[in-house]
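For reference, the structure discussed in these notes is given below.
The values are calculated or read from the model by the stated rules, or taken from the named source; none is laboratory data. Fair warning: this is a prediction, and the values are worked out from it, not measured in the lab. Quick reminder, even Gly has a Cβ in these numbers, built from the backbone with ideal geometry, and neighbours come from all protein chains shown. What goes into the accessible areas is simple: the full protein's heavy atoms, side chains included, and nothing from ligands, DNA or RNA. Shrake-Rupley method; radii C 1.70, N 1.55, O 1.52, S 1.80 Å.
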Amino acid sequence: LFYGFKALVGLSAIVTAIVLFIVQQMSDLRTKLHELSGEEHQGHSKFHVEELNVYAEYMFYACGGLYFFLLAMSVRYSSFQRKFKREFDATHSTMSDYTLELVGMSKKETDETNLKRLVEKHLMCPNQVIGVSIAYDLTDSEVNRKVFDMMERRFVDADVQFHDACSTLARDGWGYDAQLARAKDLDEDEDKKEFRKMWDEKKFEGSGSAFVVFKTKSQADAVSLKFSGLWMEDTITPQTEAEVVELRNKLGGSGKGVPLHISENTIEQSEKTEEANSHTKQFVRLSKQCVIDDEDLQEGTKVYDTESIAVGRPLKIERLVKVIYDNTEPTATIWMNYGRRISNRKTLWPKIIFTITLTFLLLLAVLYLPLFYYLATPMAQAGGSPGFMASQVQGILLGIAGNVLGITTWNSVCSLGHVKKPNQDIHFVRFSTFTNFFNTFFFLFGGLYYYVSHGFNTIDMTVHGHNTSTDIVSEWSLFQAYYNFLMPGWLFSGVLMGRVMGTVMPVLQNYLLVSVVFRMKCLPACLNELLVKFIPWNPKPDWLTARYAEHIFEPPEVALAWEYGQYIVTPTVCFMALFMMGPSSWQVFAILTLWVLFMYVMHRMTLHISKKQMAGSYLEEWAERAWAIPLATILSACGFWGVRCEKLGQPGHRASYWTAFFLFVCGMLLHWAMLRWFGNYDEICFDSYDATYEDVKQALTYTWFNTNPVHVLKSNFYPEKMGDAAIVEKIPFEYGKEYLFLMEGTSNSGKQDIELKKPQRKGGCVPGIC
């Protein structure tokens, strides 16, 4: 899907370049402008007015036709992508195909076996569920840290065990010796004692969400189509008078019904209370969501015995737990963020906006103002345009600024606590694209301010226009300066600088610091303590373990969310050249085509050294909608030239600007409407064959159980709390560590060593996802 969007950008650039080349050859404006630049004309003149009017008219028709042609191509492309996605998903199986998510459960629900039996009973799917993976509340920073540390030690222990197994892969260097790990990392008894203590102290609560895994895809599809939720009984106890008041204020309509009477610990009790079930009781539904006794109660929750609401008095409630199908994979689930309330994210937005604004102001003071003051403005006042070196410097500085803003935005979005990576990526790509637009246009038009103020829309292109040669040369100079700014500095040097900063520089920096601290050992202990603060994961300065070395030199992830925004911002910037009188503006789009090829090669080169990362198809769908911005820019340019050649009214600065803005808005709305009407398929679709869960597990290795950190720790240290019907997974999953599941006794040990001589290390997207 991602490469398809690259192809759309590249084809659009090629078509634009061809159309502009034909227009500019027909207008013969380049020859006329070169003749004018060699002459000196003073005062007003009708010199070249006819040629200018013809050029404006050609640009008007060209931009209009170009917009509608690219719009049709975009809609056809969107339809093709949807069809490809549906067909690909129908022939490929992933873990999400077997899974339904439960949302809105009680936090006290932490028994996997009990929950599995309850689901099978109320969703009428006996013996169809493999198991249930509960998402635990890890919002407590201390609990979160301890869980993370225990999981790290599980990876270390699994690697040592794999090495000691003396398999073919172990002899080839996979896994590592116990001497490369600290003794504490291999002390399973200490972790077991700590985990059991935390569990018994009720440090682990559910987050209200769980994942039900079925044996076949057809069983999961049948349940999702038949049920949208199930009722679960619970007990809450208001702790304060404020909670009592809030609960009473949120009570809505009343009704009568038969209580569920299902015990918290056993399901069989419901079969012994038939007499109680024959009596109906009065209940009141909640009219709005509220938080009582640290439990999220959704709208529609049934509350019994409302007349006895008081502090410290238990209340029987029945909550509607939603049954949701979501195509998010286990490895795209951010387990450590579960338990954070969505309402808490709203309080973080002011902080995020402040952080990004402060970062931009610092870049303005450190990079932009010196560049504008000492380089761009003096050069423009002298009548020159950025040369090769000046363009390189500007492109490199813009690349540095873009990376700094991107990292700041990424860290800010991650602090929101999303539990699904596709949602996190969507928030990031939206926010980063906006900041990238703002940063780019500020940088571009700040550096070109002198040319814009003296050369933009200065020529009267009507048949009765009067212009000086200075006016004509000034507007032409604006395009030349704009072109020199884009090529090669902004389009290529900035991209290379971003790749260097994101891929090469971290490796060199970390290698240098690690060599100085752990190999040379030539510095005093106090300096080593300081230097390790600049090394990722902050290892202890005495010696470097194998696990820390893996973290320090782990490859960058395949972060498509970082790349999609570039394919919106860069074409838009190039299409801005359509507003300028440039007899060779077609070259901008020829170079844009080369930029797309250049970015493709760069992506393929870094893909082979990148770590896998999940990316949902939501990014592609967002990019298709965001493609309206570059296309609307073309229609806006059509209106701009239409006013200048008097096809859309009388010319004038205000008229041309308002017409351009109006058509820009119309272009975006038309694009979105066309995608909605012609570019979509029905959402409901079914796979072409029903592979079993075990087959898919063998192929993918990861599951909803071995990616869940608390589930893995519970399997290792407190399996009796899971019940007799729970899935036990003792080895955690991580991309690059698939070989650990080849150990004898693991669920994937049926594979032969020879099959994993080349484990799944190659970057890319899991089938059916991206």
Task: Where a residue in segment 651-678 is of a type outside the set (Ser, Thr, Tyr) and its partner, wherever it lies, is at pLDDT below 80, with Cβ under 8 Å and at least six apart - done: PRO651/ASP460; PRO651/MET461; PRO651/THR462; HIS653/ASN457; ALA655/GLY649
- [ ] Report whether or not GLY455 is out of contact with any Cys (no Cβ under 9 Å at 6 or more places or on another chain), open to solvent by less than 10 Å² (accessible area, probe 1.4 Å) and modelled with pLDDT under 75.
- [x] yes
Open item on the list: Against the conditions (1) under 30 Å from TYR176 (Cα atoms); (2) surrounded by 18 or more Cβ atoms within 10 Å (Cβ to Cβ), where does PHE589 fall short? Just the number, please.
Closed with: (1)
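When you scan segment 83-105, how many residues do you find that are assigned to a helix (DSSP H, G or I) and of a type outside the set (Phe, Trp, Tyr)?
Residues meeting the conditions: 10.
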TODO: Considering each residue of segment 300-324, count those that are under 24 Å from VAL419 (Cβ atoms) and either in a helix (DSSP H, G or I) or touching a Leu at 6+ places or on another chain (Cβ under 6 Å) (or both), and give that number.
DONE: 4
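Going by the conditions given, is ARG145 under 20 Å from ILE727 (Cβ atoms), of a type in the set (Lys, Arg) and at pLDDT 90 or above? Reasoning before the result, please.
On the way: under 20 Å from ILE727 (Cβ atoms): no; of a type in the set (Lys, Arg): yes; at pLDDT 90 or above: yes.
Taking the combined requirement at face value, the residue does not satisfy it.
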TODO: Among the residues of segment 715-743, write down those that are surrounded by 19 or more Cβ atoms within 10 Å (Cβ to Cβ), assigned to a helix (DSSP H, G or I) and in contact (Cβ under 8 Å) with a residue 40 or more places away in the chain.
DONE: ASN716, PHE717, TYR739, LEU740, PHE741, LEU742
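Among the listed residues PHE162, PHE148, PHE155, identify the single one that is part of a helix (DSSP H, G or I), touching a Gly at 6+ places or on another chain (Cβ under 8 Å) and aromatic (Phe, Trp, Tyr).
Criteria check complete, one pass: PHE162.
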TODO: Would you point out the residue of segment 169-181, among those that are assigned to a helix (DSSP H, G or I) and within 38 Å of the chain's Cα centre (by Cα), that is surrounded by the fewest Cβ atoms within 10 Å (Cβ to Cβ)?
DONE: ALA178
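State yes or no: is ALA628 among the hydrophobic types (A, V, I, L, M, F, W, C), modelled with pLDDT of 85 or more, open to solvent by less than 10 Å² (accessible area, probe 1.4 Å) and under 21 Å from the mean Cα position of the chain (by Cα)? Before you say what the answer is, go through the steps one by one.
Values: among the hydrophobic types (A, V, I, L, M, F, W, C): yes; modelled with pLDDT of 85 or more: yes; open to solvent by less than 10 Å² (accessible area, probe 1.4 Å): yes; under 21 Å from the mean Cα position of the chain (by Cα): yes.
Yes: the conditions hold for ALA628.
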Task: Residue within segment 335-345 that is closer than 30 Å to ALA90 by Cβ, assigned to a helix (DSSP H, G or I), out of contact with any Cys (no Cβ under 9 Å at 6 or more places or on another chain) and touching a residue at least 60 places away in the same chain (Cβ under 8 Å) present - done: yes
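Filtering segment 600-625 down to residues that are over 22 Å from SER12 (Cβ atoms) and of a type in the set (D, E, K, R), which residue is surrounded by the most Cβ atoms within 10 Å (Cβ to Cβ)? Write out each step before concluding.
First, pick out the residues of segment 600-625 that are over 22 Å from SER12 (Cβ atoms): 605-616, 618.
Subsequent filtering for residues that are of a type in the set (D, E, K, R) retains 611-612.
Working: LYS611: 15, LYS612: 19.
Per the stated criteria, the residue is LYS612.
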Open item on the list: Could you tell me how many of the residues in segment 52-70 are among the charged types (D, E, K, R) and surrounded by 22 or more Cβ atoms within 10 Å (Cβ to Cβ)?
Closed with: 0
Task: Selection status of VAL244, open to solvent by less than 50 Å² (accessible area, probe 1.4 Å), in a helix (DSSP H, G or I) and at pLDDT 55 or above - done: yes
TODO: Considering each of LYS121, LYS184, LYS108, LYS197 in turn, give the residue that is under 26 Å from VAL419 (Cα atoms), out of contact with any helix residue (DSSP H, G or I) (no Cβ under 6 Å at 6 or more places or on another chain) and open to solvent by 30 Å² or more (accessible area, probe 1.4 Å).
DONE: LYS108
Task: Tally, over segment 562-584, of residues that are at pLDDT below 85 and either open to solvent by less than 30 Å² (accessible area, probe 1.4 Å) or closer than 19 Å to VAL23 by Cα (or both) - done: 5
